[in-house]
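To keep things clear, I will list the structure first and then write my remarks on it.
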Amino acid sequence: MNTSHPAGRAAVGPTGHRAAVATETAAFPALATDGVDEFLANLPFATSFAPHVARLRGKGATLRFRCTDTDGDWLVRLRPDGFGAEPRTGDAAAVSADAGVRGTAADLLLLVYGRLDRGADTVETTGDEELLTRWFANSAF
């Protein structure tokens, strides 16, 4: 989701995000899912303005982001040369991850953009706490 567009600003903007979530429409879960997808696809290229993103490297550790209200499901792998979302093949949900985050599409969108704390009651985290801490500390803009 391009946050320079009105829909993106309404969804995650500093003053409009809660209002957008509170007045959720039938289309909003799909829009929020698209926003999470766009964030994860573009994050590896954010090092020019968020240099700490370059710290998101590893030896194959994985994080799964899963929406509870849409089919949004992303497996992110940390590699020695960087990270990225794995292509979805077959039954992607069957692939295990070292850490996971589950919530509605709206909550995941707010979470990845740093507008919702991962300790919020509306988000469930599982697995490697150190990996989750490293991800959120270095993926923030």
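The values are calculated or read from the model by the stated rules, or taken from the named source; none is laboratory data. What you see is a predicted model; the values in this text were computed from it and never measured. Ideal geometry is used to build each Cβ from the backbone, glycine not excepted, and the neighbour counts take in all protein chains shown. In case anyone asks, the SASA skips ligands and DNA or RNA and just uses the protein heavy atoms, side chains included. Shrake-Rupley method; radii C 1.70, N 1.55, O 1.52, S 1.80 Å.
Among the residues of the stretch 35-93, write down those that are of a type in the set (D, E) and not in a helix (DSSP H, G or I). Matches in the stretch 35-93: D69, D71, D73, D81, E86, D91. Among the residues of this structure, A97 does not count as one that is touching a helix residue (DSSP H, G or I) at 6+ places or on another chain (Cβ under 8 Å), at pLDDT 95 or above and in a loop (DSSP other than H, G, I, E, B). Residues considered: A92, A54. Of these, the only one that is surrounded by fewer than 17 Cβ atoms within 10 Å (Cβ to Cβ), more than 14 Å from the chain's Cα centre (by Cα), modelled with pLDDT under 95 and hydrophobic (A, V, I, L, M, F, W, C) is A92. Residues that are within 21 Å of A32 (Cβ to Cβ) and among the acidic types (D, E) were ranked within the stretch 96-118; the one that is surrounded by the fewest Cβ atoms within 10 Å (Cβ to Cβ) is D117.
Of all residues in the stretch 34-51, those being open to solvent by 20 Å² or more (accessible area, probe 1.4 Å) and either touching a residue at least 12 places away in the same chain (Cβ under 8 Å) or of a type in the set (A, V, I, L, M, F, W, C) (or both) number 7. Scanning the stretch 119-141 for residues that are more than 15 Å from A99 (Cα to Cα), free of Cβ contacts under 8 Å to residues at least 40 places away in the same chain and buried (at least 17 other Cβ atoms within 10 Å of the Cβ) yields a total of 0.
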